[in-house]
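For reference, the structure is listed below as structure tokens.
The values are calculated or read from the model by the stated rules, or taken from the named source; none is laboratory data. All figures in this text were calculated on a predicted structure; none of them were measured in a lab. Neighbour counts are summed over all protein chains in view; Cβ atoms, including those assigned to glycine, are modelled from backbone coordinates with ideal geometry. Ligands, DNA and RNA are stripped out before the accessible areas are found, and what is left, the full protein with its side chains, is counted by its heavy atoms. Shrake-Rupley method; radii C 1.70, N 1.55, O 1.52, S 1.80 Å.
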Amino acid sequence: MKIPFNSQKMQNFLLAVGMSCILLGIYFLVAFHSAAETGAAVFLRFMCLAGVGMLLLFLSLVLVKSFLLVYVGLQLVFFGILALVIDSHIVRAGLKELWPVLVVSAGVSLLPAGLYRAKRIKSIYLFPGIVLVFLGLFLLPFSLHITGISLKKFFLTFYPLAFILMGLSLVVVFFYQQTHRKDFPYMTDDSELVQRDSEGAK
């Protein structure tokens, strides 16, 4: 019995094959440019992280429809890629120096996960995601010892900047609220937004 091309089973099969190809492509791309030999242990570690992440993404897309599974799945994929890069010695640094990349990945993962849940880009996911990305990018030069000054010494010297930036952010939020009061982040929950959209559609 032939399965129609547009059947759900065939679509799920194509999705699984596509995700598998992405994983294999990432592995071979990194292994090809590796400064060290990538053996079975490196491949197994990569698949245990990124492979499980892709599996969670697949289950969320075809079965569970879960925001949490999408977020955790994306995070595991990023963890797997980072572990592969470290094991391959492409970057002369370990997790001790590259941990801010995980902060960046947390922000990046929040954006598509929020888009998957709300079917649009919403500030309740966009703002925290952007904050995490910038925080990770800010911490990375200190972690890699590029700045020539420790993070602790930087904060002890320039901590007044934190108050200035916080104050400027609150002022911007105030003016934003004055002009976009109805759409201001966190002022309305998802149920109210959905109800408002449905009423507008009518």
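Every residue, every condition in (1) buried (at least 18 other Cβ atoms within 10 Å of the Cβ); (2) in contact with a helix residue (DSSP H, G or I) (Cβ under 8 Å, 6 or more places away or on another chain); (3) closer than 23 Å to Leu137 by Cβ; (4) touching a residue at least 12 places away in the same chain (Cβ under 8 Å), yes or no:
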site: Gly25; (1), (2), (3), (4): no, no, no, no
site: Gly39; (1), (2), (3), (4): no, no, no, no
site: Met47; (1), (2), (3), (4): no, yes, no, yes
site: Ile90; (1), (2), (3), (4): no, yes, yes, yes
Check Lys119 against each of (1) more than 13 Å from the chain's Cα centre (by Cα); (2) under 21 Å from Leu44 (Cα atoms); (3) open to solvent by 50 Å² or more (accessible area, probe 1.4 Å) and name the one condition it does not meet. (2)
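Please verify whether the range 157-167 includes one or more residues that are more than 30 Å from Ala41 (Cα to Cα), crowded, with 18+ Cβ neighbours inside 10 Å and either touching a strand residue (DSSP E or B) at 6+ places or on another chain (Cβ under 9 Å) or modelled with pLDDT under 90 (or both).
no
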Report yes if some residue within the range 69-85 is surrounded by fewer than 18 Cβ atoms within 10 Å (Cβ to Cβ), of a type outside the set (D, E, K, R) and under 30 Å from Gln11 (Cβ atoms); otherwise report no. no
Taking the conditions exactly as written (modelled with pLDDT of 80 or more and within 30 Å of Val64 (Cβ to Cβ)), does Leu140 satisfy them or not? no
Of the conditions (1) modelled with pLDDT of 80 or more; (2) assigned to a helix (DSSP H, G or I), Ile146 fails just one. Which one is it? (2)
Determine whether the range 110-118 contains at least one residue that is in contact with a helix residue (DSSP H, G or I) (Cβ under 9 Å, 6 or more places away or on another chain) and more than 23 Å from Val62 (Cβ to Cβ). no
Considering only the range 4-19, I want to know if a residue exists there that is assigned to a helix (DSSP H, G or I), polar (S, T, N, Q) and open to solvent by 50 Å² or more (accessible area, probe 1.4 Å). yes
Under 7 Å between Cβ atoms, at least 6 apart or on separate chains: pull out the pairs that start in the range 96-123 with a residue that is over 15 Å from Phe142 (Cα atoms) and in contact (Cβ under 8 Å) with a residue 60 or more places away in the chain and end on any residue that is open to solvent by less than 30 Å² (accessible area, probe 1.4 Å) and not in a helix (DSSP H, G or I). Ser123/Pro185
